[in-house]
Amino acid sequence: MQKENLFYFVFILTVLVSRLLVYLFPNRDIILFGWVIHHFWFGLWVFLVSFLIRKKKDVLIFSAMGLGLMADEIVFMILGAGGDTEYWSKVVIFGTCVALLLIYILRKRISKLFN
């Protein structure tokens, strides 16, 4: 599989799995020091840590996972990060689809960062 397609496959799979988990386990929050920790922040952490990995293919995979987690929630968080009802709103789903399309269009450029 070409690296740009591998990147996009992992990216979209991450978005789908995170959506599935939110659907299967609704209204479950991770709360740390009184703050709700959304999977966007886990995605940012995975994305940043991925650059510490030496093997370029692994960097590609983990950065795609991190970006997938962030892309899934970015519109949700911009709109105020309410509850599950807002997470499944048409606006948030549309925003996630736009992010998926944008990453698809840019996947070749993004994957070149991992040469």
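Derivation of every value follows stated rules applied to the coordinates shown; laboratory data play no part. Everything quoted here is computed from the prediction, not taken from an experiment. So basically every Cβ, Gly included, is an ideal-geometry build from the backbone, and we count neighbours across all protein chains shown.
Observations on the model:
- Three-way shape call for the stretch 15-115 based on the alpha-carbon gyration tensor, with the a/c threshold at 1.5: oblate
- Cα long-axis angle, helix 90-112 against the chain (0 to 90 degrees, to the nearest 10): 20
- Sorted peptide list for 77-85, 59-67, criterion being average Cβ within 10 angstrom, highest first: 59-67, 77-85
- Couplings 3J(HN,Hα) for the stretch 26-42, derived from phi with the Karplus relation 6.51 cos²θ - 1.76 cosθ + 1.60 (θ = phi - 60°), are x, 6, 9, 10, 9, 10, 10, 6, x, 9, 7, 9, 7, 5, 4, 6, 5 Hz, where x marks Gly and Pro.
- Rounded Å value of the spacing that divides the Cα centres of the stretch 48-115 and the stretch 12-44: 13
- Were the residues from Val98 through Met1 laid out at 0.36 nm apart, the gain over their Cα-Cα distance would be 32.5 nm.
- Label sites at Leu32 and Val91, each approximated as a point 7 angstrom past Cα along Cα to Cβ, lie 2.8 nm apart.
- Converting phi to 3J(HN,Hα) with the Karplus coefficients 6.51, -1.76 and 1.60 and the offset θ = phi - 60°, the stretch 53-67 yields 7, 7, 6, 4, 5, 5, 4, 4, 5, 5, 5, 5, 5, x, 5 Hz in sequence order, with x at every glycine or proline.
- Annotated for the chain: lysine pairs at least 8 residues apart or interchain, Cα distance under 20 Å, count 11.
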